[in-house]
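Scroll down for the structure; my scribbles are underneath it.
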Amino acid sequence: MADISLTASMRSNLLSLQNTQSLMDMTQERLSTGKKVNSAIDNPSSYYTAASLNNRASDLSALLDSMGQGIQTIKAANEGIEAITAFAQQAKALANTARDEAIKPVEAKIAGLAAAETTQESKITFTITDSAGNSVDHEVTIADSTAVDAAKTKIITDTKALDGVADASFDDEGNLVVSAATGYTVKITGGTGDYAAVEAAQASAYSANRVKSATQFDSILSQIDQLAADSGYKGVNLLQSNNLKVVFNEDRSSSIEVKGVNASSEGLGLSKAANQWQDNNDIDAAITAVEDAINSLRAMATDFGNNYSIIQNREDFTENLINVLTEGADKLTLADMNEESANMLALQTRQQLAVNSLSLASQAAQSVLRLF
């Protein structure tokens, strides 16, 4: 191109046209990208400042996902607490039902004991069974030639000394009357010597309905354990003493750690029904333990609810902060589309004028052609 000579006016118009085209290219880029700063060349200060703001917004966006998952973990734990609380209330109802169930003692009565002086060593055999089903055999022995009153005294004393026997006495008709202790069954299975003719008899202080309630109570405790184990979310179970850490800012200097709890039956201080609830004291202890467990569950729910509110508030704050950062970056880099559209229209007009001016400037050179 250096070998081609242009007139001064043509070169001036050509340079103006080239400059207009360069401006049009820049304006078209802004219109297509929507940004007035597309690279550091356009405006280094604005470009790097906007990049820093966008990077922080991106980092916070990643943390937003973590916050959302933290909220879901707390929600899972809260659902577990609500279900466990319902089970605990059901267990309390069972205990109250068992407590209202009266134990009806059944006495064992045996006739013909100690009606006369013994003529040989004589024995009465007992089988005593506790509420857990454990049985123990016992014998009450009366020596040979024991007088009637002495035999009666010996029988009463030795029988009352047996674990599981509440009382033993002779009635006016000379029958031995045996009462079982609460939760026990006392069976008189037979005798030897002068008491060989003793007929089997049974005394009990036992409630089958209490046993049924106790079994159901134990089943509910198993369900509580299973619920506590199933209340995890993405490998974190706050009801099995797992802790949850949620980070709030990009340099990890702001965070919260949600402490896990043990919401199993053991962690709540609940134990299986003692002695199949044949003793009122065992039921009262179970009711007290369940009430304490319910209070503990409510306290857990309050703590988790407080942590939930904190994380949710930080999540809302982070979302708003991301918007502020993005908006700030946009103010540094985004183009005014109305202004750029007006610029494009003006440049197109200028380009047309430059073309026309270049055409006029070339007419002097074109006049040479008329000589031929």
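The values are calculated or read from the model by the stated rules, or taken from the named source; none is laboratory data. Remember, it's a predicted structure, so these values are computed and weren't measured experimentally. Cβ: placed from backbone, ideal geometry, glycine included. Neighbour counts: every protein chain shown.
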Among the listed residues I103, I41, which satisfies the condition of being free of Cβ contacts under 8 Å to residues at least 24 places away in the same chain and outside any strand (DSSP E or B)? I41
A2 vs (1) modelled with pLDDT of 70 or more; (2) out of contact with any helix residue (DSSP H, G or I) (no Cβ under 8 Å at 6 or more places or on another chain); (3) not acidic (D, E): all pass except (1)
Among the residues of region 273-282, is any of a type in the set (D, E, K, R), modelled with pLDDT under 95 and under 30 Å from R210 (Cα atoms)? yes
How many residues, within region 112-128, are touching a Ser or Thr at 6+ places or on another chain (Cβ under 8 Å) and in a loop (DSSP other than H, G, I, E, B)? 4
Considering T125, T85, T73, which residue is modelled with pLDDT of 90 or more, in the same structural domain as A285 (by TED's automatic domain parsing) and out of contact with any helix residue (DSSP H, G or I) (no Cβ under 8 Å at 6 or more places or on another chain)? T73
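Taking E291 as the residue in question, decide whether it is acidic (D, E), in contact (Cβ under 8 Å) with a residue 24 or more places away in the chain, surrounded by fewer than 17 Cβ atoms within 10 Å (Cβ to Cβ) and more than 22 Å from K36 (Cβ to Cβ).
Yes.
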Criterion (at pLDDT below 90, surrounded by fewer than 17 Cβ atoms within 10 Å (Cβ to Cβ) and either within 20 Å of G112 (Cβ to Cβ) or within 60 Å of the chain's Cα centre (by Cα) (or both)) met by exactly one of A147, A143, A197: A197
Scan the strands (runs of 3 or more DSSP E) fully inside region 175-281 and keep the ones with 2 or more residues being of a type outside the set (A, V, I, L, M, F, W, C). 185-192, 201-204, 255-258
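Can you tell me which residues in region 163-181 are surrounded by fewer than 19 Cβ atoms within 10 Å (Cβ to Cβ) and either closer than 15 Å to K123 by Cβ or not aromatic (F, W, Y) (or both)?
Within region 163-181, D163, A166, D167, S169, D171, D172, E173, G174, N175, V177 meet the criteria.
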